[in-house]
1. Looking at region 83-102, which of its residues are touching a residue at least 60 places away in the same chain (Cβ under 8 Å), surrounded by fewer than 17 Cβ atoms within 10 Å (Cβ to Cβ) and closer than 11 Å to residue 39 by Cα?
2. Test residue 58 against the stated conditions and say whether it is charged (D, E, K, R), at pLDDT below 90 and out of contact with any Leu (no Cβ under 8 Å at 6 or more places or on another chain).
3. I'd like the residue in region 103-121 that is touching a residue at least 24 places away in the same chain (Cβ under 8 Å) and within 12 Å of the chain's Cα centre (by Cα) and, out of all such residues, is surrounded by the most Cβ atoms within 10 Å (Cβ to Cβ).
4. List the pairs whose first member sits in region 65-78 and is farther than 16 Å from residue 54 by Cβ, whose second member is of a type in the set (Val, Ile, Thr) and not in a loop (DSSP other than H, G, I, E, B), and whose Cβ atoms are under 7 Å apart, counting only residues at least 6 apart or on separate chains?
5. Considering only region 7-26, state which residues are in a helix (DSSP H, G or I) and either within 20 Å of the chain's Cα centre (by Cα) or on the phi > 0 side of the Ramachandran plot (or both).
6. In this structure, is residue 43 surrounded by 12 or more Cβ atoms within 10 Å (Cβ to Cβ), under 22 Å from residue 92 (Cβ atoms) and touching a helix residue (DSSP H, G or I) at 6+ places or on another chain (Cβ under 8 Å)?
7. Regarding region 29-39, can at least one residue be identified that is under 22 Å from residue 102 (Cβ atoms), in a loop (DSSP other than H, G, I, E, B) and within 17 Å of the chain's Cα centre (by Cα)?
8. I want to confirm something. Restricting to region 56-82 and keeping residues that are surrounded by 17 or more Cβ atoms within 10 Å (Cβ to Cβ) and aliphatic (A, V, I, L, M), which single residue is nearest to the chain's Cα centre (by Cα)?
Amino acid sequence: MLAAVATDYPAHEEILRRLHVEGASLDLVCFADHAAGRLFAAVRGTDRSLNPLTTPDDVRSNMHVILGYGPARAEAALSEYRTLRRRFPHYDAFGCGHSLGGAVILHVAKCVEEEPGLVFKRIDVFNTVT
């Protein structure tokens with residue numbers, strides 16, 4: 001549960017306290033609200049800290065986008081999302097991402113838009129690179 005964060009956002013405290021982390025990696029984190037039957041997928045943007053675990057994939061993904069291709073990080077995020085989504089097939093899914101993360105979540109959403117049970121109900125993108 002996200003109880004520690006919930007107090008920082010009192011207007012959303014009730015919902016935040018219901019969220020459980022169901023999957024997390026360097027690129028994607030999925031939270032579930034089991035009471036409301038909702039799944040939230042969030043994709044991180046470019047890591048500016050020159051982290052050896054994230055920088056190579058971020059640079060490659062940014063170059064792919066510049067050249068007009070889908071972000072390289074999208075394939076791993078798509079695989080993770082499909083795996084997690086199949087655990088909660090009847091939940092409404094929501095996605096969000098910032099900057100490069102926005103491009104990744106848009107690519108994931110595009111890939112699953114024709115797959116019943118995997119489609120997102122809503123996507124929010126902030127400062128996308130696309």
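1. 87
2. Judged against the criteria, residue 58 is not a match.
3. Filtering first and then ranking leaves 104.
4. 78/108
5. Once the filter is applied, which keeps residues that are in a helix (DSSP H, G or I) and either within 20 Å of the chain's Cα centre (by Cα) or on the phi > 0 side of the Ramachandran plot (or both), region 7-26 yields 12, 15, 16, 17, 18.
6. On the way: surrounded by 12 or more Cβ atoms within 10 Å (Cβ to Cβ): yes; under 22 Å from residue 92 (Cβ atoms): yes; touching a helix residue (DSSP H, G or I) at 6+ places or on another chain (Cβ under 8 Å): yes.
Spelling it out, residue 43 is indeed surrounded by 12 or more Cβ atoms within 10 Å (Cβ to Cβ), under 22 Å from residue 92 (Cβ atoms) and touching a helix residue (DSSP H, G or I) at 6+ places or on another chain (Cβ under 8 Å).
7. no
8. Among those that are surrounded by 17 or more Cβ atoms within 10 Å (Cβ to Cβ) and aliphatic (A, V, I, L, M), it is 77.
The values are calculated or read from the model by the stated rules, or taken from the named source; none is laboratory data. Please read all numbers here as calculations on a predicted model, not as lab measurements. For neighbour counting, all protein chains shown are included, and Cβ atoms are generated from backbone atoms with ideal geometry for every residue, glycine included.
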